[in-house]
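Take a look at the structure set out below.
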Amino acid sequence: MGFKIKKVELYQVRLPLKTPFKTSYGLLKEKAFDIICLTSESGQIGYGELVTFETPDYIEETLPNSRLIIENHLLPLILNREITAPTQVSEWFQVVRGNYMAKSAVETAVWDLYAKITGKSLATILESATDQLEVGVSIGMLNSIEELVQTVSNYVEQGYKRVKLKIKPGYDVMPLSAIRNKFPELLLMADANSAYNLSHLADLKALDSLNLAMIEQPFAADDFLNHAILQKQLKTPLCLDENIRTVNDCQVAVALGSCQSINLKIPRVGGITEALNIIAYCRNHHLSVWLGGMFESGVGRALNLQLASRTEFSFPGDISASDRYFHDDILASPLLMKDGKMQVPQGLGIGVVLNKSYLNQNNLSYTWLKR
Ligand code: OSB
Ligand code: MG
């Protein structure tokens, strides 16, 4: 049974963060993102989130570029074309190089639409194994150690099962030790977002005694070799985030020994199809895989919960409740934590309902193509 996409609409949204988030590369005060709505000839609607940041500081893609790629290069590949399986879409998108987040926004919307047309929950289609998940929280750099330890305490009290701290040279062993001293048993890790190089070897080795679950992305986004050199000198597992866009990147990482774990973000790998390929590869090659985040709104967050409820994901992901980031969300009922767990949406498709009046009041909405 196939279907065709007849109409594409877009909401351009900005949600202020409750507190600014500081990383090794900058300060984020507000998350801009788009919600892409694909309507089938039967009138059903699939949602996808375009998570790309406005500045090319996490990876090279930017929000305005992603919009152009979607409009000029991706939509023409799918509009009015018979779709029988959502995996076809990622195949058609291969003629467009890179631009994984742009591809993911459209591809995930097709998966949602496919699930809705076949009358299923996307959780079921993605082989979800549980309806609730333990999750972690990612914490930006803070000005004082007291504030940091207090922030960690609050999250632990709220039920977060793993804490990730953003680090950079000069902000690493001190804040991490402060957290470790207060919480000797906490599942704790660090994320450098590429802030280090081989000249910082001593700084990185100093983290090895803190019993960290892993160190994420110390070196540059295209650097597999130095990650391998570092991994040989650390007992703490390394995790790659920015490096991993395809299964092939995982193959390189395994061949060289660049990491022991993958932070999998659906948008960073171009969508669900490649995410599933990467999960299978990790399973077969003894790489641990866990689900990362991009400050998603409810649409991307619902999908993250659904994929992360597969059996391969035992390490708590960066899938915090939306009230950890935002005052408002774009869903009729926001995704919140209950008894230390996040519920996996079980309704049709991605299983969430948009708050249309909020979206229409606060944001730009327009129709791209109508045929
Ligand atoms: O490096 O994992 C990262 C957020 C935006 C961009 C990159 C990263 C992050 C996070 C937070 O660490 C993830 C989240 O909680 O959504
Ligand atoms: Mg990261």
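The values are calculated or read from the model by the stated rules, or taken from the named source; none is laboratory data. Since the model is a prediction, treat every value here as computed from it, not as a measurement. All Cβ positions, even for glycine, are placed from backbone atoms using ideal geometry, and neighbour counts span all protein chains on display. Please note that ligands, DNA and RNA were not included when accessible areas were found on the heavy atoms of the full protein model with its side chains. Shrake-Rupley method; radii C 1.70, N 1.55, O 1.52, S 1.80 Å.
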Give GLN260, GLN231 a once-over and let me know the one that is buried (at least 19 other Cβ atoms within 10 Å of the Cβ) and out of contact with any Asp or Glu (no Cβ under 8 Å at 6 or more places or on another chain). GLN231
Of everything in the stretch 332-371, what is charged (D, E, K, R) and assigned to a helix (DSSP H, G or I)? Give them in sequence order. LYS356
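Got a sec? Which helices (runs of 4 or more DSSP H) wholly within the stretch 13-99 have at least 2 residues that are away from ligand 1 (no atom under 16 Å from the Cβ) and over 28 Å from LEU126 (Cα atoms)?
Qualifying helices (runs of 4 or more DSSP H): 63-69.
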Please list, ordered by first then second residue, the pairs with beta carbon atoms under 9 Å, 6 or more apart or interchain, first in the stretch 51-75 and free of Cβ contacts under 8 Å to residues at least 60 places away in the same chain and open to solvent by 20 Å² or more (accessible area, probe 1.4 Å), second within 12 Å of ligand 1 (Cβ to nearest atom) and among the hydroxyl-bearing types (Ser, Thr, Tyr). THR55/TYR25; ASP57/THR23; ASP57/TYR25; PRO64/THR52; ASN65/THR52; ARG67/THR52
Would you confirm, using the coordinates I've provided, whether TYR155 is open to solvent by less than 40 Å² (accessible area, probe 1.4 Å), outside any helix (DSSP H, G or I) and over 30 Å from ALA202 (Cα atoms)? no
Step by step: first the residues of the stretch 220-259, then only those that are in contact with a Cys (Cβ under 9 Å, 6 or more places away or on another chain) and in contact (Cβ under 8 Å) with a residue 40 or more places away in the chain, then the one that is farthest from ligand 1 (Cβ to nearest atom). Which residue is that? PRO237
Quickly run through the stretch 234-257 and pick out the residues that are in contact with a helix residue (DSSP H, G or I) (Cβ under 7 Å, 6 or more places away or on another chain), surrounded by fewer than 23 Cβ atoms within 10 Å (Cβ to Cβ) and within 23 Å of LYS103 (Cβ to Cβ). ARG245, THR246, VAL247
Return the total of residues in the stretch 126-150 being assigned to a loop (DSSP other than H, G, I, E, B), out of contact with any strand residue (DSSP E or B) (no Cβ under 7 Å at 6 or more places or on another chain) and either under 28 Å from ALA308 (Cα atoms) or among the β-branched types (Val, Ile, Thr) (or both). 5
Condition (residue is in contact (Cβ under 8 Å) with a residue 40 or more places away in the chain, over 16 Å from the mean Cα position of the chain (by Cα) and open to solvent by 30 Å² or more (accessible area, probe 1.4 Å)) applied to the stretch 312-319: is it met by at least one residue? no
Report, ordered by the first and then the second residue, all pairs with beta carbons closer than 9 Å, sequence separation of six or more or different chains, a first member in the stretch 88-117 that is at pLDDT 95 or above and open to solvent by 20 Å² or more (accessible area, probe 1.4 Å), and a second member that is polar (S, T, N, Q) and not in a helix (DSSP H, G or I). TYR100/THR246; LYS116/SER40; LYS116/GLN44; ILE117/SER40; ILE117/SER42; ILE117/GLN44
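Matching residues to (1) under 24 Å from THR87 (Cα atoms); (2) within 12 Å of ligand 1 (Cβ to nearest atom):
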| position | (1), (2) |
| --- | --- |
| SER261 | no, no |
| ILE278 | yes, no |
| CYS282 | yes, no |
| TRP290 | yes, yes |
| GLU296 | yes, yes |
| ARG310 | yes, no |
Failed condition for ASN284, given (1) open to solvent by 10 Å² or more (accessible area, probe 1.4 Å); (2) touching a residue at least 12 places away in the same chain (Cβ under 8 Å): (2)
Go through the stretch 202-219 residue by residue and tally those that are open to solvent by less than 40 Å² (accessible area, probe 1.4 Å) and either in a helix (DSSP H, G or I) or within 16 Å of ligand 1 (Cβ to nearest atom) (or both). 11
Check on ALA195, open to solvent by 10 Å² or more (accessible area, probe 1.4 Å), under 24 Å from LEU148 (Cβ atoms), within 14 Å of ligand 1 (Cβ to nearest atom) and modelled with pLDDT of 95 or more: yes
